[in-house]
């Protein structure tokens, strides 16, 4: 790889999604599919339920991701899913649990571009956002979240890379997450 290719590779804006290895086959085949997932339901259901609103019906199905600057969001989501799978509290999840059950999905950016991958948007804190969020049902999108309403494509098309096992542990160490 020459210096120009290295610089383009470094400057690409890839995104990261935290989940569990149980989803590896479906993500390999078709990519991330937008849903109102358990992470969102658990985070918002109590607040909306008190108002008589069903989160699964009220929220728009989305896939979420983050960039390297906010990689802790993907790490948190992954550990949450591991804790649910293993029926442990969040704080009881070990490195071995992460190695054996965790997965970070890298959504590849376009080399040489600092824009997110096609179809992904990033929430900015603006007054216009509040109106758009209400109209589109984007109630679970927080500041600086990347989100999409569209499926991403799987590993066979080269859109995503699955990071698991010891590679996942090395990645999380490199990102100062463990």
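The values are calculated or read from the model by the stated rules, or taken from the named source; none is laboratory data. The shown structure was predicted, so the numbers you read here are calculated from the model rather than taken from an experiment. Please note: Cβ atoms are built from the backbone with ideal geometry, for glycine as well, and neighbour counts cover all protein chains shown.
Numbers for the structure displayed
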item	result
Members of the stretch 57-67 that are over 24 Å from residue 107 (Cβ atoms) and touching a helix residue (DSSP H, G or I) at 6+ places or on another chain (Cβ under 8 Å)	58
Residue in the stretch 147-156 that is outside any loop (DSSP other than H, G, I, E, B), farther than 16 Å from residue 65 by Cα and at pLDDT 90 or above present	no
Scope the stretch 83-99; condition loosely packed, with under 14 Cβ neighbours inside 10 Å and within 24 Å of residue 33 (Cβ to Cβ); matching residues	none
Enumerated helices (runs of 4 or more DSSP H) restricted to the stretch 1-103, each holding at least 2 residues that are under 12 Å from the mean Cα position of the chain (by Cα), under 20 Å from residue 175 (Cβ atoms) and at pLDDT 95 or above	71-86
Criterion (surrounded by 15 or more Cβ atoms within 10 Å (Cβ to Cβ) and either in contact with a strand residue (DSSP E or B) (Cβ under 6 Å, 6 or more places away or on another chain) or under 18 Å from residue 34 (Cα atoms) (or both)) met by exactly one of 137, 102, 109	137
Hits in the stretch 25-46 - residues which are farther than 18 Å from residue 78 by Cα, in contact with a helix residue (DSSP H, G or I) (Cβ under 9 Å, 6 or more places away or on another chain) and without any contact (Cβ under 8 Å) to a residue 60 or more places away in the chain	45
